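Student: Got a structure for you, questions after.
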Protein chains: 2
Amino acid sequence: MPKKIKARASDPGPRIVIENITPQVDAGRFPIKRVIGEQVVVRADVFADGHDEVAVFLLYRECGRQDWREVPMKFLNNDAWVGSFAIEREKDYFYTVRGYVSEFSSWRHDLKKKTDAGRDVAVDLKIGSAILKATAGRCSKPEAAQLLKWARILAAPKDIKSAIALAMGDELAAIMQANLDPEKSATHEPQLRVLVERGRALFSSWYEFFPRSWSPKPGRHGTFKDCERILPEIARLGFNVIYLPPIHPIGKTFRKGKNNSVKCAPTDPGSPWAVGSAEGGHKAVNPRLGTLKDFREFVAHARKHSLEVALDIAFQCSPDHPYMKEHPDWFTWRPDGTVQYAENPPKKYEDIVHFNFDTADRKGLWEELKGIFIFWIEQGVKIFRVDNPHTKPFVFWDWLIAEVRKEHPDVIFLSEAFTRPKVMYRLAKAGFSQSYTYFTWRNTKQEFVDYLTELTQTDVAEFFRPNFWPNTPDILPEHLQVGGRTAFAMRAVMAATLSSNYGIYGPAFELCVNTPIQGREEYLDAEKYEIKSWDWDGPGNIKDLLARLNAIRRANPCLQMTRNIRFLDINNDQMLAYYKATGDYSDIIIVVVSLDPRNVQSGWLEIPIGELGIDKERPFMAQDLLSDQKFIWQGEKNFIELDPARSPAHIIRVSKQLRREQDFDYFL
Amino acid sequence: MPKKIKARASDPGPRIVIENITPQVDAGRFPIKRVIGEQVVVRADVFADGHDEVAVFLLYRECGRQDWREVPMKFLNNDAWVGSFAIEREKDYFYTVRGYVSEFSSWRHDLKKKTDAGRDVAVDLKIGSAILKATAGRCSKPEAAQLLKWARILAAPKDIKSAIALAMGDELAAIMQANLDPEKSATHEPQLRVLVERGRALFSSWYEFFPRSWSPKPGRHGTFKDCERILPEIARLGFNVIYLPPIHPIGKTFRKGKNNSVKCAPTDPGSPWAVGSAEGGHKAVNPRLGTLKDFREFVAHARKHSLEVALDIAFQCSPDHPYMKEHPDWFTWRPDGTVQYAENPPKKYEDIVHFNFDTADRKGLWEELKGIFIFWIEQGVKIFRVDNPHTKPFVFWDWLIAEVRKEHPDVIFLSEAFTRPKVMYRLAKAGFSQSYTYFTWRNTKQEFVDYLTELTQTDVAEFFRPNFWPNTPDILPEHLQVGGRTAFAMRAVMAATLSSNYGIYGPAFELCVNTPIQGREEYLDAEKYEIKSWDWDGPGNIKDLLARLNAIRRANPCLQMTRNIRFLDINNDQMLAYYKATGDYSDIIIVVVSLDPRNVQSGWLEIPIGELGIDKERPFMAQDLLSDQKFIWQGEKNFIELDPARSPAHIIRVSKQLRREQDFDYFL
């Protein structure tokens, strides 16, 4: 927090002002987020009264180290300064800004103006000499000796011209800049924190599936062993996270039947989110999926295919959960002696019981819930999708995520909070690495532009990492219900290129399953309540598109970030155009995607060639990575046509260096 | 400052979140500013996890009182709440926001949904009964008795329908709302402060003049006594502050002659900003103006004309100032034994010496400077225009203004900082009541719109009060040099209606004096360096316009505020249109001013009749208060023509209630 004003003449605080540091979240109460390799670009307004010159430094350090590293900040304009540092280690970082009133720079600045005007500067050189002497008092010995020598020259120069040259020299300036007067400095408080995570927090491609549907024998309950079979194909599709709905024993009391029916047949497997039965709770594996050992082996197999297993943590219980007997005080009991089940009146969810986070045994409950994460971390899981975190106290997540990260900074948390924006943002501030979003319900061009702008070009970008899902087991949005296969392809392209984190619920997605419960955005015969048998290579599937999209994402670092998105003008409201580039513009991808799954759409795309460093006068190559078509483009306006029957999008890699012979040959 | 996260399961802090409170300045480090009678409208995002309902209150109190007054805040949308309070006393105020998780409201909300769905709610009523009992434990005795009685009814209702009616009743809700559970509440920290000033801090009309130029005998040095003579005319012009350049003895060493010449004739009076001579310093009166007693009498006379005298405080010394001998350690001395005079290399200002605010005797210097304000306050002066405050440490002003306001909260400070925007804003944060601005150098329509929007529609409006000056003794801007009398009229209208605080340097302004030093924005033969003799009623003067403008300002409360400005569309870039209204829209003024002093300009003005509460279908009266012309307008579009030969502006009062007979008579 900034210091309170000290209104005392005896100790009024420094003359220098440091204001408006960015990035920061809620005046430094919450950290900004970065992954290893990312930059932190810091801006601040720094100034002093009068005409004194100031010197400004960006200070940063890893958590656990006390010594700051200092980077000189560059003056921009209007009292604003900028500097940056790179995140090099998987440790949280701290940063702040320090400013000095630089007596030496101010003196040198005036000296130059006076000598330029031909004024006598003998006395000024003496003043400079005194500044050097004072600085010598806080230098290393060799520097001090050098400064004192120079101070003598300035005090009694034999030759005024060479004394002035000495005063203006870089060598003197370097020593003076390195030994500024700490008494004339201010350092911004509080120090600002960077929550640092590994790269997958920023770049991940999730594939969600229900293991129980992958038995080779239709109708039989699938196991982890069965699922080892499908790992090579998921790897071929190019995903890097496989996410399993809860794998725990499923309650029997009030178990839901097909289509969420309150009537349940004896063979119905139940919803995995009704966690816990006599067979165990959140630390147990549903015996029908296999053993804990089977699970560990599945995780190890997945790792061989470069696939990381993510688990779903749903902090809620079926009425049969062992906690109900072991810790009745963790739940809310009604005056009639029954437990308070979940409800959203008039709807009842009698198969689900919520924890009472305000229980008198809060310490016991909270520690146990933390223990659930620790247990699965010990089984090899480092990514968790957290179910409905917004129905638990924010302060619980503040505590839990900090606690888990203390020992396991490599753990990634995805917040499944489909709720009001400020609630979603508060959870991100609590430390969730990624979050579900409203992408699923955005439809028009303006909606996409507005939403992505909010997510990537405002303060939100500093703490909230979107993860774009076109579908989930709970959500079959209307545009997928009515748009056919093309709509699935459009959404896949957008999810995979708008956001560096995205995921699908498969194989319903790649098989373009689009039959809803009448009038709702839910799947008919949802997999949540039954065992499915998928014809994974069935007709009309878009597996090859997904494989290509994921390959493009892997090959192009600019698609492994989200904050770098910039929208482009195209004169057609049914076409969305944007580009992403790496910081050095060595990798540039332009995406043009149609929002109309039925008709051919076309328009003139405006390419910001100046921004991209493209020469107006020279042709450049644009290669559509989806079709492998190459185009030779020149200038700012280029015509784009998208035919949904062929491909609803271009993902264009821009090559500024045209290897003329070869590329023209290809084109001609 | 917001509290740091407590990451402890044992005491995690409240479940409720309070974020994004507005207004606040730099996370509460600096106060917002208001005058008596103004409202403070507070918004905040307040929410809890889950589906619990929250109750939100705005808390406020006067400085010095410990007990908060509470106002329920109203829910807007997207988790945002709003509430307000009025400033009733000339005391600083504190405010903050408190939120509660309301178990009762959540319960009642669910109960309603369940009864609407026809569900059995017997158990729910028992749960409600328990909530009432718990609440009774923290109520007044009569309330507790009432709640316990109701609790018994809910627990064992004879008639379920009347029990439900009781649960839904307003009487119960009122008691429950008044006795929310403090354990389930959070109060935002830090408390936010309102710096409260008297009305003149927001509404003032300044007339600056040099007393020495007002002798009835041309060439003789004018006195305070002489100036008593002109008070009735200044009062007739409608100003309410008369501001005098420094009135202290003027130094002789290096005194500047006419036109800032280094050659000074024996009769040249010198610049009043070269403060101090053998005759005294900052607490003395220049004997040529009279005695201290004369000054006090002048102040008293002015008061009789409802004119307040403002003094210019210039913290700098002539080389002859008594401080130079009494406190040589308050100044900077050069190695050659001479004092460091003011300079902006290569320019030298040898008639001015600056204080060294970092002197070892800082306490002595700072207290003495504070003493200068106190001295003049004791002579009856409560408004100070501070010269060049940006060349003194910000922390000095933080301290000085707080110190002076402790004893004299009615003192008003005007910051004369023509410098970089962030420096000007930091001085305003230090407590300056008003500030000079860039108004003087804004010319195009877009420049005015952008600048006024920054000043009135951003956070800046909370701490920075503009005071618009079309000219000063130092500044004769280019548009006044070339635009003739019309340009002066245009600027007068804009200054007086764009900003509730404005001022002119007269009589140069109302006499339309516009001869510059060749190629500069300075007056030729500036009054700073010589005694003038003014023909105040000379040809072409705009005194009547000023008198009318000030009368319009006095009669229309909407012109006595600045934050209420809203720009209007008019399809001509040479015409600027805006309106101001009081909060209840009882007073509405539309201003249309031409930016072209030479040609007739016209355009279609769009009037936001919906916003102003005007009926689309009915005519309304628009009266130009400058010309007294009345127009009957209807609908959104109205044609406006401005002829600089007649009047460069309309100041239109909108009357929604048309007294038909009379007004139509007038018009027809």
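The values are calculated or read from the model by the stated rules, or taken from the named source; none is laboratory data. Note that this is a predicted model, so its numbers are computed, not measured. We place every Cβ from the backbone using ideal geometry, glycine too, and count neighbours over all the protein chains shown. Side chains included, ligands, DNA and RNA excluded: accessible areas come from the protein's heavy atoms. Shrake-Rupley method; radii C 1.70, N 1.55, O 1.52, S 1.80 Å.
Student: Which one of the conditions (1) over 30 Å from A:ALA430 (Cβ atoms); (2) at the interface with another protein chain (Cβ under 10 Å from one of its Cβ atoms) does A:VAL54 fail to meet, given that it meets all the rest?
Tutor: In the conditions (1) over 30 Å from A:ALA430 (Cβ atoms); (2) at the interface with another protein chain (Cβ under 10 Å from one of its Cβ atoms), A:VAL54 misses (2) alone.
Student: Quick one: count up the residues across region A:631-668 that are of a type in the set (Lys, Arg), at pLDDT 90 or above and surrounded by 15 or more Cβ atoms within 10 Å (Cβ to Cβ).
Tutor: So the count comes out to 1.
Student: Can you tell me which residue in region A:104-120 is nearest to the chain's Cα centre (by Cα), limited to those that are buried (at least 17 other Cβ atoms within 10 Å of the Cβ) and within 10 Å of another protein chain (Cβ to nearest Cβ)?
Tutor: Going through the qualifying residues, I end up with A:ASP110.
Student: In region A:312-334, how many are under 24 Å from B:PRO14 (Cβ atoms), of a type in the set (Asp, Glu) and either surrounded by 21 or more Cβ atoms within 10 Å (Cβ to Cβ) or facing chain B (nearest Cβ under 9 Å) (or both)?
Tutor: 0
Student: Looking for whichever is touching a residue at least 24 places away in the same chain (Cβ under 8 Å) and either open to solvent by less than 30 Å² (accessible area, probe 1.4 Å) or small (Gly, Ala, Ser) (or both) here; the options are B:ALA265, B:ALA278. Which one fits?
Tutor: Exactly one of B:ALA265, B:ALA278 is touching a residue at least 24 places away in the same chain (Cβ under 8 Å) and either open to solvent by less than 30 Å² (accessible area, probe 1.4 Å) or small (Gly, Ala, Ser) (or both), namely B:ALA278.
Student: Give the residue that is farthest from the other protein chains (Cβ to nearest Cβ), with candidates limited to residues of region A:14-42 that are in a strand (DSSP E or B) and surrounded by fewer than 18 Cβ atoms within 10 Å (Cβ to Cβ).
Tutor: Checking each candidate, the answer is A:GLN39.
Student: Moving to a separate point now. Any chance region A:461-469 includes a residue that's among the small types (Gly, Ala, Ser) and within 18 Å of the chain's Cα centre (by Cα)?
Tutor: Scanning region A:461-469 turns up at least one residue that is among the small types (Gly, Ala, Ser) and within 18 Å of the chain's Cα centre (by Cα).
Student: Of the conditions (1) more than 11 Å from every other protein chain (Cβ to nearest Cβ); (2) surrounded by 15 or more Cβ atoms within 10 Å (Cβ to Cβ), B:GLU88 fails just one. Which one is it?
Tutor: Exception for B:GLU88: condition (2).
Student: In the set A:GLU510, A:GLU530, which member is in contact with a helix residue (DSSP H, G or I) (Cβ under 7 Å, 6 or more places away or on another chain), among the acidic types (Asp, Glu), in contact (Cβ under 8 Å) with a residue 24 or more places away in the chain and open to solvent by less than 10 Å² (accessible area, probe 1.4 Å)?
Tutor: On inspection, the qualifying residue turns out to be A:GLU510.
Student: Tally the residues that are within 14 Å of chain B (Cβ to nearest Cβ), surrounded by fewer than 20 Cβ atoms within 10 Å (Cβ to Cβ) and in a helix (DSSP H, G or I), restricting the search to region A:426-455.
Tutor: 1
Student: Of the residues in region B:69-113, how many are in contact with a Gly (Cβ under 6 Å, 6 or more places away or on another chain) and over 23 Å from B:PRO23 (Cβ atoms)?
Tutor: 1
Student: So the check is Cβ under 7 Å with 6+ separation or different chains; which pairs have a first residue in region B:597-614 that's more than 15 Å from B:ALA649 (Cβ to Cβ) and a second one that's outside any loop (DSSP other than H, G, I, E, B) and charged (D, E, K, R)?
Tutor: Between residues of region B:597-614 that are more than 15 Å from B:ALA649 (Cβ to Cβ) and residues that are outside any loop (DSSP other than H, G, I, E, B) and charged (D, E, K, R), the close pairs are B:TRP604/B:LYS637; B:GLU606/B:LYS637.
Student: Could you tell me which residue of region A:335-375 is farthest from the other protein chains (Cβ to nearest Cβ), considering only residues that are over 20 Å from A:GLY276 (Cβ atoms) and either in contact with a helix residue (DSSP H, G or I) (Cβ under 8 Å, 6 or more places away or on another chain) or in a loop (DSSP other than H, G, I, E, B) (or both)?
Tutor: This residue is A:ALA360.
Student: Among (1) open to solvent by less than 10 Å² (accessible area, probe 1.4 Å); (2) within 14 Å of chain A (Cβ to nearest Cβ); (3) touching a strand residue (DSSP E or B) at 6+ places or on another chain (Cβ under 7 Å), which single condition is B:VAL381 missing?
Tutor: Here B:VAL381 meets the rest and fails (2).
Student: Determine which single condition A:ILE153 fails, assuming it passes every other condition in (1) away from chain B (no Cβ under 11 Å); (2) buried (at least 17 other Cβ atoms within 10 Å of the Cβ); (3) at pLDDT 95 or above; (4) within 54 Å of the chain's Cα centre (by Cα).
Tutor: Among (1) away from chain B (no Cβ under 11 Å); (2) buried (at least 17 other Cβ atoms within 10 Å of the Cβ); (3) at pLDDT 95 or above; (4) within 54 Å of the chain's Cα centre (by Cα), the lone unmet condition for A:ILE153 is (4).
Student: OK, next. Any chance you could count how many residues in region A:538-583 are outside any loop (DSSP other than H, G, I, E, B) and either on the phi > 0 side of the Ramachandran plot or small (Gly, Ala, Ser) (or both)?
Tutor: So the answer is 5.
Student: Quick one: is A:PRO477 in contact (Cβ under 8 Å) with a residue 40 or more places away in the chain and farther than 20 Å from A:ASP537 by Cα?
Tutor: yes
Student: Being more than 14 Å from A:VAL299 (Cα to Cα) and among the hydroxyl-bearing types (Ser, Thr, Tyr) is the filter here; which residues of region A:214-249 pass it?
Tutor: Listed by number, the list holds a single entry, A:SER215.
Student: Moving to a separate point now. Are any of the residues in region A:491-499 in contact with a strand residue (DSSP E or B) (Cβ under 6 Å, 6 or more places away or on another chain), farther than 27 Å from A:ASN599 by Cβ and part of a loop (DSSP other than H, G, I, E, B)?
Tutor: The answer is no, given that none of the residues of region A:491-499 is in contact with a strand residue (DSSP E or B) (Cβ under 6 Å, 6 or more places away or on another chain), farther than 27 Å from A:ASN599 by Cβ and part of a loop (DSSP other than H, G, I, E, B).
Student: While we're looking at this one, here's another question. For B:ILE552, all conditions in the list (1) touching a Lys or Arg at 6+ places or on another chain (Cβ under 9 Å); (2) closer than 25 Å to B:VAL262 by Cα hold save one; what is the number of the exception?
Tutor: It fails just one condition, (2).
Student: Any residue at all in region A:408-416 that is within 30 Å of A:PHE439 (Cα to Cα), buried (at least 18 other Cβ atoms within 10 Å of the Cβ), within 14 Å of another protein chain (Cβ to nearest Cβ) and of a type in the set (A, V, I, L, M)?
Tutor: no
Student: Additional query: Is it fair to say A:PHE298 is open to solvent by less than 40 Å² (accessible area, probe 1.4 Å), more than 9 Å from every other protein chain (Cβ to nearest Cβ), outside any helix (DSSP H, G or I) and in contact with a strand residue (DSSP E or B) (Cβ under 8 Å, 6 or more places away or on another chain)?
Tutor: No; evaluated as a whole, the condition is false for this residue.
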